[in-house]
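Just below is one structure, and these are the notes that go with it.
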Amino acid sequence: MRWKGIIFIIVIIALSAAMYFIFSDHWIETRVEKALSSANGAKVEIDNFRFSIFKLSSGWDKIQVANPEHPMKNLFETGKTSMNMEFMPLIRQKIVIDTLQLTEVKTNTDRTTSGELPKKNQKEIKQSEQSDGSGLMNKAGQRLKATGEEYKNIRLESMKSDLNIDSIMLAIDLSSIEYIDSVKKTMEEKVAHWEGVINADDFQKDYKALESEFEEIKKIDPKAIKTVDDLKAAVKKLEKTKKKFDKVYDQVKQYEDDFNKDLKSARLAADDIGEKVKTDYAEIEKMAKIPNIDTKNLATFIFGETATGSVNKFFEITEKIAYYKKKLSSVKSEKEKPKRGKGQYIEFSQKYKYPDFWIKNMILSGELQDQTRLAGKIINLTSDPKLINQMTEISFSGKRPDNSEISGLANIDDRSENSVDTYQFSIDGFSIQNFSLSQTELFPYTIANGRGKINSGARMEKETYLVQLDFFGSNMIFEKKNDAKPQSEIQKFLDQSITNFQNLEVRCKYYDGKFAIKSNIDDLFSKEIKNYLDKNITEAKAKIHKEIDNRINKATHEYEQYNASAMKNIKDKLNHYKTEIDQHRKEIDDKKSETEKEIKKKGGKALDNLFNS
Amino acid sequence: MFFIKFLKKIIKALGSNASPNQLAFGFAMGMILGLTPFWNIHNLIVIFLIAIINVNISTALLALTIFGLLAPIFDGLFHVFGLSILNTGPLQGLFTGMYENTFFVLTRFNNTLVLGSFVISLAAFVPVFFGFKIFAKYYQEKLHPKVEKWKITKILKSSKIFNLLNTGYKLKN
């Protein structure tokens, strides 16, 4: 036993303990700052970090989280923060925070120094972010943005001057004309086929041979035939020839039936021309930007751009939530491929199975940049929701400087593949003074006075998003915008009707890629706007329809003319054959009955001679 | 300076009258420190043992340096070995019991690298001990007189040069 050694160990332990109490906070602070900065993509700075291993608590005086896109701004900063950790997970390398209390949270604050990370770190973060990107929400957002742009482009007031029907008609090929051409071509092919069939060498040869045979039997004169046996032979010949004619008749009849079938199918194809014409009408109207004005989509024209912009903001927020969700869950995936020198931790019991990261309760209070006071909590923020089988719940409420109330709820559920995320958000009683609801020329008003309320909700399930956004305005007074264009007839009307309009409702819904807006302003505006626009639109539509009809009628007439002549030709030929064969058959029958009579006559004479002799 | 001091101590220790057992024991324990991840409870126990048991600290430091440099090369091997032990069917009951015990969790036994390197270093302990013991005996009897005659040893032992280097080092800092 070495006493010197024991003393050495005691000294080392004492020194380590002293070092721990003096330097551990700073050491942990540096490491936490580094880890959080890396996750955020910009500096995260902590002031006066405190950690107590005995109380298992920690906290800080201030934390600043820099905005990666604007390094001279903080995404948010907090005041005094405290948190309590659980011991059992901690010794298993897991961070489970029982309660995290963040106070004096402020968003979008200015920084004195840049929050940009050193270039080396930025490169690492960019590389790791390249594999991110849920994309789906982004796509939905992009689609919505495009819809908004579409609404923006429809300018009802200037529609008339934009409308140049002649140039549009020249620029496009009518699908109905193409269709008629194709039907005509099919018909031509069929006609050629039937002409080929009827004029086929074999058929003509056989028919001519039969005609010669008929000419032969026409020469038979029953009275000139002397014996009964010769007469019987003549009857047989007649029957044989008739059978041949029957066969040819059946063939011609079959041709006729088949031809009629072809004719019927060609007529059916021609019946679709009407549908094609409708498509052409719609296509040209779309090109000419002629909207179908009705009460259903008037609100879409007026509020479409503003509403899609608002719903798109929702997608931006959910995209960010998805990004941070992915960041949180990525902590877990690192485990599967151990880093060099770190090894892999194997878990043996469900009893102490914890997610890598779990904040059970996060209590927040603070202020937004516009001085809105907010307080809220986040429950079950974790890297592995499946393991704890809990969803993340976010709730907050607060007051804005104008005394309006703001509140929100979010349930982010990642427990299974079929989980559903839901969001609710509302602002009640906010001032809408100087607020512009629409950027369209159709609604050139700002609100001089009034209070607003917004209720919104969203539901996200796999790749299906349902977003609802309702706006209610009360006690509203509208005022004409200063830069509004000179008054037109329609605007004069709107000015009058808007004077008595105080309570506005706009309800927007985005579901499965489709966007719809309903508003009580529809009823107010639709009637007169329709009257005003209908006249212009009806004129434009009539012009287009007339032009299309002219072209189509010409093509249809040509087709029908061809049809009539080609059909008649074939029908005539078939009828000619039928009539001729019928006549021949009749003649054969006559000849046959004449021959049979002669047989009877000659047979009777022979019997008389036999009995009388 | 530390390296020269360290080298001087190693040569001195090997050439001293210290028993080969003490030298070999120190070396074998140093090997455990070198091969396994340093910040672990078992290493605290090994350090404690080195400090209180009459083993040679210089050879322990020599082994720590050598095996500490070699350990990263065998990182993959330790991980695979540790993983296979932790996945061994008959041991699951034992590991589950240990996992639910706070002390054993603190030892990080459920880490593939810690367990793999620890078991391998324990397995190597006896061969390394006897191997180094043979080397120490050979060194003391045959090699030491020759090493004493080497110029480098004389330079290292020369207090004049050592003092000169020491003064230079102090001035620099």
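Counting protein heavy atoms only, region B:13-145 has 77 percent of its accessible area on carbon and sulfur, 1.4 angstrom probe. Packing, as the average of other Cβ atoms within 10 Å across residues, places the peptides A:174-183, A:585-594, B:111-120 in the order B:111-120, A:174-183, A:585-594, highest first. Computed from the Cβ-Cβ distance with R0 of 60 Å, the FRET efficiency linking residue A:98 to residue A:2 stands at 0.85.
In terms of its C-alpha gyration tensor, region B:74-128 has a prolate overall shape, because the principal axis ratio a/c (a ≥ b ≥ c, square roots of the eigenvalues) is not below 1.5 and a/b outweighs b/c. Cross-linked pairs A:106/A:351; A:242/A:600; A:4/B:133: Cα-Cα separations exceed 32 Å for A:106/A:351. Note on residue A:463 and residue A:449: the model spin-label points, each 7 Å out from Cα along the C-beta direction, lie 5.2 nm apart. Per the Debye formula on identical point scatterers at the alpha carbon atoms of region B:13-145, with no solvent, log10 I(q)/I(0) at q = 0.14, 0.15 Å⁻¹ is -0.66, -0.74.
Each label point was placed 7 Å from the Cα along the Cα-to-Cβ direction; for residue B:124 and residue A:113 their separation is 4.4 nm. In terms of distances greater than 30 angstrom between alpha carbons, the cross-link table entries A:360/A:514; A:205/A:602; A:219/A:253; A:43/A:339; A:342/B:9; A:327/A:462 yield A:360/A:514; A:205/A:602; A:342/B:9. Taking a ≥ b ≥ c as the square roots of the Cα gyration tensor eigenvalues, region A:389-469 comes out oblate, since a/c reaches at least 1.5 and a/b does not exceed b/c. Ordered from largest to smallest accessible area (heavy atoms of protein chains, 1.4 Å probe), the residues B:67, A:396 come out as A:396, B:67.
Applying 1/(1 + (r/R0)^6) with R0 = 60 Å to the Cβ-Cβ distance of residue A:371 and residue A:340 gives a FRET efficiency near 0.75. Put +1 on the Cβ of each Lys and Arg and -1 on the Cβ of each Asp and Glu in region A:354-449; which of A:392, A:447, A:404 then has its Cα farthest toward the positive end of the dipole? The listed residue farthest towards the positive side: A:404. The mean number of partner chain beta-carbon atoms within 10 angstrom of a residue's beta-carbon across peptide B:37-44 is 1. Rounded to the nearest 10 square angstrom, residue A:514 shows an accessible area of 150 square angstrom against a 1.4 Å probe. Extension gain for residue B:146-residue B:21 works out to 42.8 nm (0.36 nm per residue, less the C-alpha to C-alpha distance). Each of A:359, A:10 has its accessible area taken with a 1.4 Å probe; listed largest first, they run A:10, A:359. Extension gain, residue A:419 to residue A:265: 0.36 nm times the residue separation minus the Cα-Cα distance gives 50.2 nm.
Counting only other chain Cβ atoms within 10 Å of each residue's Cβ, the peptide B:103-113 averages 4.
Residue A:106 label point, 7 Å along Cα→Cβ, cut-off 20 Å on backbone N: hits in region A:398-438? Under cut-off, by backbone N: A:398-402. Accessible area buried by the pairing of A and B, both sides summed with a 1.4 Å probe, works out to roughly 2300 Å². In this simple spin-label approximation, residue A:606 and residue A:573 carry label points 7 Å from Cα along the Cα→Cβ vector, and these lie 4.8 nm apart.
Accessible area ranking (1.4 Å probe, heavy atoms, ligands and nucleic acids excluded), largest first, for A:226, A:492: A:226, A:492. A 1.4 Å probe, protein heavy atoms only, puts the accessible area of residue B:70 near 70 Å².
Residue A:362 contributes an accessible area of around 20 Å² to the protein surface, as traced by a 1.4 Å probe with all chains present.
Name the residues of region B:69-101, by number, that are at least 20 Å² less accessible with every protein chain in place than in the isolated chain; the surface is that of heavy atoms, probe 1.4 Å, without ligands or nucleic acids. By number: B:72, B:75, B:79, B:83, B:86, B:96, B:99, B:100. Mean partner shielding of peptide A:67-76, defined as the number of other chain Cβ atoms within 10 Å of each residue Cβ, is 0.
The values are calculated or read from the model by the stated rules, or taken from the named source; none is laboratory data. Since the structure is predicted, the reported quantities are computational estimates derived from the model, not experimental observations. Positions of Cβ are backbone-derived with ideal geometry, glycine not excepted, and every protein chain shown enters the neighbour counts. Side chains are part of the model used for accessible areas, which takes the heavy atoms of the whole protein and leaves out ligands, DNA and RNA. Shrake-Rupley method; radii C 1.70, N 1.55, O 1.52, S 1.80 Å.
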